[in-house]
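The values are calculated or read from the model by the stated rules, or taken from the named source; none is laboratory data. Computed from a predicted model, the values in this text were never measured in an experiment. So basically every Cβ, Gly included, is an ideal-geometry build from the backbone, and we count neighbours across all protein chains shown.
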Amino acid sequence: MNGDVNLEDHTSSEIERQTMEVDIACAGFGPATGGFLTTLTRAWSENPADPAFESQVAPGMPLQVVCYERADDLGAGVSGVVTQARGIRASFPDLNVAEIPMAVEVSREQVFYLLDPVGASRRSLLLRLGDRALRLVGSMLNVRDHAFRLPWTPAFLHKNGGLVLSIGQFNQWVGTQLMSSGFAQIWPGTPATAPLFANGAVTGLRLADQGVDKGGKPADGFMAGMDVHAQLTVVGDGPFGAIGQALDHELGMPSGHAKNEWAMGMKMVIELPADAVGPDSPLQPGAVWHTFGYPEPEIFGFLYVHPDRLVSVGIFVPSWLGDPSRTVYRYLQHYIQHPAFWKYLKDGTLRSWGAKSLDESGRHGEPFLVGDGFARIGEGSGSTNMLAGSGVDEAWTTGVQLAESVIELLRARQPFTREDLAATYERRRRESWIERNARAAENARNGFHGGFVRGLVGMALAGLTAGRLSLKAEIPPTHKQIRPIPLRNTEYLKQHEAAMLAVEDGRPLHDALMSARGWPEIPFDGRLLISQQDALLMGGKVQAMPGFADHVVFRNAGLCIGCDEKTCIAMCSGQALTLGPEGVPTFEREKCVHCGGCMWNCANSPDGLHSNLEFRAGSGGLHSVEN
Amino acid sequence: MNLHIVVCAGLVPDPLQTLEPVVGPNGPGLKNEMLLPAVLDPWAASALYEAANLAAKNPGCKVWLVSLGPKAKLQQVMMTIAQKVSFELVPIDGPIGGFSDAQATATVIAGAIATIAGLDRAKLLLFGGWESATRGAGVTLQIIGERLGITDQFMGVDQIAMRDDGSFEVLERVEGGRHQVSICEGAPAVLGWATGNLPEPRNNPQVGMANMRTIMPALQKARPTTIAANGLSYVSVNLPSQQRTTRVVKDMAADDIAREVVEWIGAEK
């Protein structure tokens, strides 16, 4: 850490590195790269002798295609997945859903507005009046268990014909099929730390150094990260992957584009007891519930029912929830205890847990999709649709589109230049439903930057008019979306002080803040309601390989020391960030689930644009495959 | 010296996942076992790393990895292991499960080893894990050795040191946290490894790419195998009971933590 901002590539160019030549190198394995490799592999399998698939770096061999994934296992991802599966089904027309563990077809979809049963939620006067009116006429409307079931599901949310999936199991299933052909190699546990540049073109990937200390300096068993040179680098490393971030920094963003809209998605996978899911239970496999209104109005939530009495339950805490003390895990615990859910979940057992940041910017945050030697796919390329609440299928489809383009260019013996990739991949994408839906969703969430009710109105407007009408908003950088601590609000300050005292006694900051604000204590049962540390161990199975550097770095210690908000600590999904001596947070990478949340939950900026917190490539993270 | 080191390493469900015993029509197993990721049996993995270390220090040595498991699981595990050390894979496409009969399992594995082309029994060191992270009987490696006619067997090994005359010194774990030192005249011998002393090797993409050139064809050629039940049946299966108490502390000395844990264990009835 130092007082200067250094946004340059942090990997040392002075260390001698091994190099390797491949034809195509992919950063990150998720649905986008899964779609890319599936399409490419299939084309090769249909005619392995096709000269288009001859390697340029290993004569006589097929294309050398490698994918480097940071997580320990291909199945160690997290997402709350209900998807229309349009692109996925197009790739697998004969898909037998039963082949994918935890997958099931969507059977029924409902939307609930959740009232506050405990009285701690912060609601505007308008909302409280609305809640009161709902309670008064509750018996006449569908209000039961403090929840109002909307009489219809908005068309823009519909996942009819879609699938409820575990992303971990889906990735694992896709990966197994890919690797059985031997065409592409997917290497887990291998984070890629930076792109390689030469003469303005991307020429490959640099892998992370191993055998280094926390600060990245060579230690026992040092092995410099290899430079993997490739004609084409496919960047599918998600919304906050190191390669994508480096490209955004090096190339800038298209005019007017910025990634300023985020949410933290956190979920549990819960196993229900045998007697909880009878034939009359609404929790039949394929049931999908969307919720809003609780534990705070700004927090959207979901419940999806898998086969075998498994349910995924989760919430999204958005960047436009400006409370500096915002947090997630404790809110999730209150969410599952809402009467509408708890009557089904109360005797359940936590099987898995995880968290991930979602890039909600959509087209607002779309980077340059192509350049000389690279193309971007998936969530990091702005493909997630926040009107429909859909990302996996969009990511998959962008991967398919890139693969089709690569095949076209290989057959035409054309290089992977910006012009050629724009004429093929970018064109395909712009002409597809991905772009149409992205335009409809573009401004759907603008209204939330002016308040919750305004946001709902804006979302409905955009949804019902396919984006032709929407509310305008000026969306500030993420650090400005966090409201400063209100130093004149005596009540707030008293709560904050009480929380800080509790922290000195060993209580986590977010936990202490929530209790100070009147949220009831969690009645731990050791099975479903467990501490956040236990969730790391019992749920996420979080771990990190030794010998890697810290991947969360604070740019300017002075800003941390002067920060009152410490939102990064309250929002940390794994409690990997804690209050350190002298006010600079301490980072323990063994607890980090790589959700990326710290990056957009910093209340300060060294230059007005970037967060004071850098999220780099690192090892480890979630280790559960049931998310 | 040109040793031929054959490492027997089974697959086990990743011990970090949620593991729950169930009893099905085929006997005891784990709930949703095929859904869970697999890892190389941890002490067998140590044996593999020791084998690779030995081969690196003694040019001319060759390392084979013999592993029994469903092909898809073997493939998944190879993507992690193959980045770490060089070896030639001898896959056996068969069921995994810690409730299989040890004799039947050992017969299949010994049979596969006996057919390895170019394997010289006079140079053979048979490595494996001393104990398994599965519900294994702890005797499979010994039986493999016996079926191959190898009578010099060492179990609970943490170290091997080769000598110039082809003999070697072995450290085996015994009671009281101590090791027994043995000198063996030479190969063939069986070594069931404990943890050894080596750190897990770093991931090396070049090693991975080189390994894949032989691993993928071997996997594709692996033939399905069944493991005979041999009349084995289980009366009951239970998880050991566990109690979890989590307390987060900072800056507490290791000795103090150890003292507190010992007191807690002593207080539990």
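Out of A:Trp187, A:Trp173, I need the residue that is in contact with a Cys (Cβ under 9 Å, 6 or more places away or on another chain), surrounded by fewer than 24 Cβ atoms within 10 Å (Cβ to Cβ) and not acidic (Asp, Glu). Which one?
Answer to the selection: A:Trp187.
Say we look at region A:572-627 and pick out the residues that are within 14 Å of chain B (Cβ to nearest Cβ) and not in a loop (DSSP other than H, G, I, E, B); which of these is surrounded by the fewest Cβ atoms within 10 Å (Cβ to Cβ)?
A:Pro581
Go through region B:154-172 and give me each residue that's crowded, with 17+ Cβ neighbours inside 10 Å and touching a Gly at 6+ places or on another chain (Cβ under 6 Å).
Result: B:Met155, B:Asp158, B:Glu172.
Among the numbered conditions (1) farther than 26 Å from B:Arg247 by Cβ; (2) surrounded by 21 or more Cβ atoms within 10 Å (Cβ to Cβ); (3) more than 14 Å from every other protein chain (Cβ to nearest Cβ); (4) out of contact with any Pro (no Cβ under 6 Å at 6 or more places or on another chain), tell me where A:Arg555 comes up short.
Of everything listed in (1) farther than 26 Å from B:Arg247 by Cβ; (2) surrounded by 21 or more Cβ atoms within 10 Å (Cβ to Cβ); (3) more than 14 Å from every other protein chain (Cβ to nearest Cβ); (4) out of contact with any Pro (no Cβ under 6 Å at 6 or more places or on another chain), A:Arg555 misses just condition (4).
A:Asn260 passes all but one of (1) within 11 Å of another protein chain (Cβ to nearest Cβ); (2) surrounded by fewer than 24 Cβ atoms within 10 Å (Cβ to Cβ); which number fails?
Of the numbered conditions (1) within 11 Å of another protein chain (Cβ to nearest Cβ); (2) surrounded by fewer than 24 Cβ atoms within 10 Å (Cβ to Cβ), the odd one out for A:Asn260 is (1).
When you scan region B:189-208, do you find a residue that is surrounded by fewer than 17 Cβ atoms within 10 Å (Cβ to Cβ), part of a helix (DSSP H, G or I), within 14 Å of another protein chain (Cβ to nearest Cβ) and in contact (Cβ under 8 Å) with a residue 60 or more places away in the chain, even just one?
No, that holds for no residue.
When region A:200-236 is examined, which residues are found to be within 14 Å of chain B (Cβ to nearest Cβ) and of a type in the set (Lys, Arg)?
Matches in region A:200-236: A:Arg206 only.
Across region A:404-441, what is the number of residues that are over 27 Å from A:His158 (Cα atoms) and in contact with a Gly (Cβ under 7 Å, 6 or more places away or on another chain)?
Of the residues in that region, 2 qualify.
If I filter region A:425-459 down to residues being β-branched (Val, Ile, Thr) and touching a residue at least 24 places away in the same chain (Cβ under 8 Å), which single residue comes out as farthest from A:Ile299 (Cα to Cα)?
A:Ile434
One residue is enough: does region A:415-432 have a residue meeting the conditions in contact with a Phe, Trp or Tyr (Cβ under 7 Å, 6 or more places away or on another chain) and either of a type in the set (A, V, I, L, M) or at pLDDT below 95 (or both)?
no
Need pairs with beta-carbon distance below 9 Å; first residue free of Cβ contacts under 8 Å to residues at least 24 places away in the same chain and within region A:384-408, second surrounded by fewer than 24 Cβ atoms within 10 Å (Cβ to Cβ) and part of a loop (DSSP other than H, G, I, E, B); sequence gap 6+ or separate chains.
Close Cβ pairs (under 9 Å, with a partner that is surrounded by fewer than 24 Cβ atoms within 10 Å (Cβ to Cβ) and part of a loop (DSSP other than H, G, I, E, B)) amount to A:Glu408/A:Gln414.
Do we find that A:Val118 is more than 14 Å from every other protein chain (Cβ to nearest Cβ) and in a loop (DSSP other than H, G, I, E, B) in this structure?
So A:Val118 passes the test.
So which residues in region A:154-199 are in a strand (DSSP E or B), more than 14 Å from chain B (Cβ to nearest Cβ) and more than 22 Å from A:Met226 (Cβ to Cβ)?
A:Leu163, A:Val164
Just the residues that are charged (D, E, K, R) and assigned to a loop (DSSP other than H, G, I, E, B), please, taken from region B:158-172.
Hits for region B:158-172 are B:Arg163, B:Asp164, B:Asp165.
Which members of region B:72-89 meet the condition of being of a type outside the set (Gly, Ala, Ser) and touching a Ser or Thr at 6+ places or on another chain (Cβ under 8 Å)?
B:Leu74, B:Gln75, B:Gln76, B:Val77, B:Gln83, B:Glu88, B:Leu89
Can we say B:Leu74 is farther than 24 Å from B:Ser167 by Cα, in contact (Cβ under 8 Å) with a residue 24 or more places away in the chain and crowded, with 22+ Cβ neighbours inside 10 Å?
Here the answer is yes, as B:Leu74 does meet what is asked.
Give the residues of region A:299-328 that are of a type in the set (Phe, Trp, Tyr), part of a strand (DSSP E or B) and closer than 14 Å to A:Gly597 by Cα, sorted by residue number.
A:Phe316
Looking at A:Pro48, is it at negative phi, assigned to a loop (DSSP other than H, G, I, E, B) and without any contact (Cβ under 8 Å) to a residue 12 or more places away in the chain?
No: the conditions fail for A:Pro48.
Looking at (1) within 22 Å of A:Ala549 (Cβ to Cβ); (2) away from every other protein chain (no Cβ under 14 Å); (3) of a type outside the set (Gly, Ala, Ser); (4) crowded, with 20+ Cβ neighbours inside 10 Å, find the lone condition where A:Met266 falls short.
Going through (1) within 22 Å of A:Ala549 (Cβ to Cβ); (2) away from every other protein chain (no Cβ under 14 Å); (3) of a type outside the set (Gly, Ala, Ser); (4) crowded, with 20+ Cβ neighbours inside 10 Å one by one, A:Met266 breaks only (1).
Restricting attention to helices (runs of 4 or more DSSP H) lying wholly within region B:2-117, give those where 1 or more residues are within 14 Å of chain A (Cβ to nearest Cβ), at negative phi and out of contact with any Asp or Glu (no Cβ under 8 Å at 6 or more places or on another chain).
Passing ranges, in order: B:42-57, B:71-81.
Among the residues of region A:527-541, which ones are part of a loop (DSSP other than H, G, I, E, B) and at pLDDT 90 or above?
A:Arg527, A:Leu528, A:Leu529, A:Ile530, A:Ser531
A:Arg123 fails exactly one of the following numbered conditions: (1) among the charged types (D, E, K, R); (2) under 23 Å from A:Gln284 (Cβ atoms); (3) not in a helix (DSSP H, G or I). What is the number of that condition?
The number of the failed condition is (2).
Pairs under 8 Å by beta carbon, first residue free of Cβ contacts under 8 Å to residues at least 60 places away in the same chain in region A:85-97, partner of a type in the set (A, V, I, L, M, F, W, C) and in a helix (DSSP H, G or I), six or more apart or different chains?
These pairs meet every condition: A:Leu95/A:Ile88.
Yes or no: region A:76-84 includes at least one residue that is touching a strand residue (DSSP E or B) at 6+ places or on another chain (Cβ under 9 Å), under 27 Å from A:Ile243 (Cα atoms), assigned to a strand (DSSP E or B) and facing chain B (nearest Cβ under 10 Å).
no
Scan region A:206-225 for residues that are buried (at least 23 other Cβ atoms within 10 Å of the Cβ), touching a strand residue (DSSP E or B) at 6+ places or on another chain (Cβ under 6 Å) and part of a loop (DSSP other than H, G, I, E, B) and report the count.
Of the residues in that region, 2 qualify.
Is it true that some residue in region B:81-90 is of a type in the set (Ser, Thr, Tyr), touching a residue at least 24 places away in the same chain (Cβ under 8 Å) and surrounded by fewer than 22 Cβ atoms within 10 Å (Cβ to Cβ)?
Scanning region B:81-90 turns up at least one residue that is of a type in the set (Ser, Thr, Tyr), touching a residue at least 24 places away in the same chain (Cβ under 8 Å) and surrounded by fewer than 22 Cβ atoms within 10 Å (Cβ to Cβ).
Okay, residues lined up against (1) within 16 Å of A:Leu232 (Cβ to Cβ); (2) touching a strand residue (DSSP E or B) at 6+ places or on another chain (Cβ under 9 Å); (3) in the same structural domain as A:Leu178 (by TED's automatic domain parsing):
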| site | (1), (2), (3) |
| --- | --- |
| A:Gly30 | no, no, yes |
| A:Ala43 | yes, no, yes |
| A:Pro48 | no, yes, yes |
| A:Ala52 | yes, no, yes |
| A:Cys67 | yes, yes, yes |
